[in-house]
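Right, I'll just put the structure down here and ask away after.
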Amino acid sequence: MTLAEHLAAQRSAVPEYADGAAAIIQAIGWVARDIARALAYAAIRGDTGKAGLKNTTGDEQKPLDLWSHEVMAGALRGSHACAAYVSEEAAEPIEMMEGAGPHGLVVCCDPVDGSSNLDVGGAVGTIFSLRPGGRRAPAGPAALGPVGNQVGAGYVLYGPATVLVYSVGAGTHGFTLDREQGEFLLTHPDIHVPKKGKTYGINEGNIASWHPGQRAFVEHLRTPDKGTGRPYGLRYSGAMVADVHRTLLDGGIFMYPADMTDPARPKPKLRLLYEVAPMAFLAEQAGGRASTGTERVLDLSAKEYHQRAAILIGSAEDVALAESFYRK
């Protein structure tokens with residue numbers, strides 16, 4: 001089954017936004033093909049290294065960050081379903097009158113997540129969320145508010161294969177790009193996250209800044225105990241898409257906790273609207289769980305376009321156990 005055929009079969013999940021959601025996800029699929037080709041030739045064409053600029057959240061931008069942002073904007077505009085585009089690479093939403101109207105959608109997107117991996121040939125991805133665009137222009141502000149209010153979400157993983165995973169509220173489904181046909185074909189129907197896993201992913205270089213509960217939980221995972229399947233193996237790639245994809249398929253837990261150096265002012269890193277919230281939506285649709293350590297991610301509310309949040313995501317039992325360590 002192709003991506004287009006699958007989207008057509010999912011229409012009943014979001015009847016009010018079915019046409020728009022399908023058009024946008026198809027457009028992102030087309031962009032993903034272009035990004036996959038660009039990544040394959042990045043070193044040859046001199047598109048690695050830094051662009052000499054920083055985005056609005058202070059991250060160093062790569063040439064492919066800037067290019068993919070523009071390509072994504074063009075594709076979303078051409079879908080005639082996107083009323084506004086909230087991108088990691090733009091300070092404010094980009095309004096698109098072509099998609100304005102009662103069924104318009106706001107797309108929150110990180111076009112190239114994990115771009116620090118580009119120079120070493122590591123995995124990177126694209127993350128996106130579809131939110132109701134409201135009935136008035138400008139549509140961008142409709143991205144703010146409760147983050148559980150998503151029509152759909154997804155990501156693309158660029159690695160040995162190019163994989164697109166999406167949900168419109170009727171399960172989470174994965175497609176692999178057939179490079180000869182140029183089509184995304186269904187390869188992972190109705191993904192279910194195992195209730196408990198055997199691996200964890202986290203940047204242990206930040207251990208000194210973790211919440212005490214976070215440190216205790218990781219120490220628990222590292223402590224041998226055959227009865228509970230410990231120790232867990234450590235798996236961490238430096239690209240959220242790659243780490244979450246592995247976790248959704250194999251179980252376990254991926255964590256990016258806040259910096260608690262100053263407990264009165266926690267400093268999370270990942271962006272809520274276009275990294276944390278869409279991944280939480282996908283995980284829950286696959287039977288998993290996503291938390292900040294102290295509350296459900298999809299119960300959060302976005303007050304800023306580039307707001308940051310912590311995330312612990314993966315197998316329901318593993319995330320629940322992590323939360324118990326935070327409470328202690």
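The values are calculated or read from the model by the stated rules, or taken from the named source; none is laboratory data. All values derive from a computational prediction rather than experimental measurement. Neighbour counts are summed over all protein chains in view; Cβ atoms, including those assigned to glycine, are modelled from backbone coordinates with ideal geometry.
Among the residues of the stretch 88-95, is any modelled with pLDDT under 95 and buried (at least 19 other Cβ atoms within 10 Å of the Cβ)?
Within the stretch 88-95, one or more residues are modelled with pLDDT under 95 and buried (at least 19 other Cβ atoms within 10 Å of the Cβ).
For the stretch 310-328, give me each residue that is modelled with pLDDT of 95 or more and surrounded by fewer than 22 Cβ atoms within 10 Å (Cβ to Cβ).
Selection gives Ala316, Glu317, Ala320, Leu321, Glu323, Ser324, Phe325, Tyr326, Arg327.
Give the stretch 164-209 a look and list any residue that's of a type outside the set (S, T, N, Q), out of contact with any Phe, Trp or Tyr (no Cβ under 7 Å at 6 or more places or on another chain), closer than 22 Å to Ile24 by Cβ and in contact (Cβ under 8 Å) with a residue 12 or more places away in the chain, or say none.
Once the filter is applied, which keeps residues that are of a type outside the set (S, T, N, Q), out of contact with any Phe, Trp or Tyr (no Cβ under 7 Å at 6 or more places or on another chain), closer than 22 Å to Ile24 by Cβ and in contact (Cβ under 8 Å) with a residue 12 or more places away in the chain, the stretch 164-209 yields Tyr166, Val168, Gly169, Ala170, Gly171, Gly174, Gly182, Glu183, His188, Pro189, Asp190, Ile191.
While we're looking at this one, here's another question. Residues being part of a helix (DSSP H, G or I), among the β-branched types (Val, Ile, Thr) and under 16 Å from Ser315 (Cβ atoms): count how many of those fall in the stretch 180-223.
Counting residues in the stretch 180-223 that are part of a helix (DSSP H, G or I), among the β-branched types (Val, Ile, Thr) and under 16 Å from Ser315 (Cβ atoms) gives 1.
Residues are listed down the side, and each one gets a yes or a no for (1) modelled with pLDDT of 95 or more; (2) touching a Lys or Arg at 6+ places or on another chain (Cβ under 9 Å); (3) among the aliphatic types (A, V, I, L, M); (4) on the phi < 0 side of the Ramachandran plot:
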residue: Arg131; (1), (2), (3), (4): yes, no, no, yes
residue: Val151; (1), (2), (3), (4): yes, yes, yes, yes
residue: Thr172; (1), (2), (3), (4): yes, no, no, yes
residue: Glu180; (1), (2), (3), (4): no, no, no, yes
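Could you list, in sequence order, all residues of the stretch 135-158 that are part of a loop (DSSP other than H, G, I, E, B), touching a helix residue (DSSP H, G or I) at 6+ places or on another chain (Cβ under 6 Å) and more than 14 Å from Val276 (Cβ to Cβ)?
The answer is Val151, and nothing else.
In the stretch 233-251, which residue that is touching a helix residue (DSSP H, G or I) at 6+ places or on another chain (Cβ under 6 Å) and part of a loop (DSSP other than H, G, I, E, B) is surrounded by the most Cβ atoms within 10 Å (Cβ to Cβ)?
Looking at residues that are touching a helix residue (DSSP H, G or I) at 6+ places or on another chain (Cβ under 6 Å) and part of a loop (DSSP other than H, G, I, E, B), I get Ala239.
Now for a different question. Which of (1) within 20 Å of Gly114 (Cα to Cα); (2) out of contact with any Gly (no Cβ under 6 Å at 6 or more places or on another chain); (3) of a type in the set (Gly, Ala, Ser) is the odd one out, the single condition Ala239 does not satisfy?
(2)
Another question about this same structure. Look at the stretch 185-211 and say how many of its residues are more than 19 Å from the chain's Cα centre (by Cα) and surrounded by 14 or more Cβ atoms within 10 Å (Cβ to Cβ).
Going through the stretch 185-211 one residue at a time, the tally reaches 13.
Still on this structure: Pick out, from the stretch 1-49, the helices (runs of 4 or more DSSP H) lying fully within it that include 2 or more residues that are surrounded by 18 or more Cβ atoms within 10 Å (Cβ to Cβ) and in contact (Cβ under 8 Å) with a residue 24 or more places away in the chain.
Filter on the stretch 1-49 gives 3-9, 18-40.
To continue, here is another question. Restricting to the stretch 100-125, name every residue that is of a type in the set (Val, Ile, Thr) and touching a Cys at 6+ places or on another chain (Cβ under 7 Å).
Correct list: Val107 only.
Identify the single condition in (1) in contact with a Lys or Arg (Cβ under 6 Å, 6 or more places away or on another chain); (2) buried (at least 20 other Cβ atoms within 10 Å of the Cβ) that Glu98 does not satisfy, given that it satisfies every other one.
With (1) in contact with a Lys or Arg (Cβ under 6 Å, 6 or more places away or on another chain); (2) buried (at least 20 other Cβ atoms within 10 Å of the Cβ) applied to Glu98, the lone miss is (2).
Give the residues of the stretch 283-312 that are touching a Ser or Thr at 6+ places or on another chain (Cβ under 7 Å) and either in a strand (DSSP E or B) or assigned by TED's automatic domain parsing to the domain that holds Cys108 (or both), sorted by residue number.
Residues satisfying the conditions are Ile311, Leu312.
What pairs come up if the first residue lies in the stretch 92-110 and is in contact (Cβ under 8 Å) with a residue 40 or more places away in the chain, the second is polar (S, T, N, Q) and buried (at least 17 other Cβ atoms within 10 Å of the Cβ), and their beta carbons are under 6 Å apart, counting only those six or more places apart or on different chains?
Going by the 6 Å Cβ cut-off, the qualifying pairs are Cys108/Ser129; Cys109/Ser87.
Determine if the stretch 117-140 includes at least one residue that is surrounded by fewer than 24 Cβ atoms within 10 Å (Cβ to Cβ), touching a strand residue (DSSP E or B) at 6+ places or on another chain (Cβ under 6 Å) and of a type in the set (A, V, I, L, M).
No: zero hits.
So how many residues does the stretch 83-127 have that are of a type in the set (Val, Ile, Thr), out of contact with any Phe, Trp or Tyr (no Cβ under 7 Å at 6 or more places or on another chain) and under 17 Å from Ala42 (Cβ atoms)?
Residues in the stretch 83-127 being of a type in the set (Val, Ile, Thr), out of contact with any Phe, Trp or Tyr (no Cβ under 7 Å at 6 or more places or on another chain) and under 17 Å from Ala42 (Cβ atoms): 2 in total.
Additional query: Considering the stretch 257-282 alone, what residues qualify as being outside any helix (DSSP H, G or I) and under 16 Å from the mean Cα position of the chain (by Cα)?
Once the filter is applied, which keeps residues that are outside any helix (DSSP H, G or I) and under 16 Å from the mean Cα position of the chain (by Cα), the stretch 257-282 yields Pro257, Pro268, Lys269, Leu270, Arg271.
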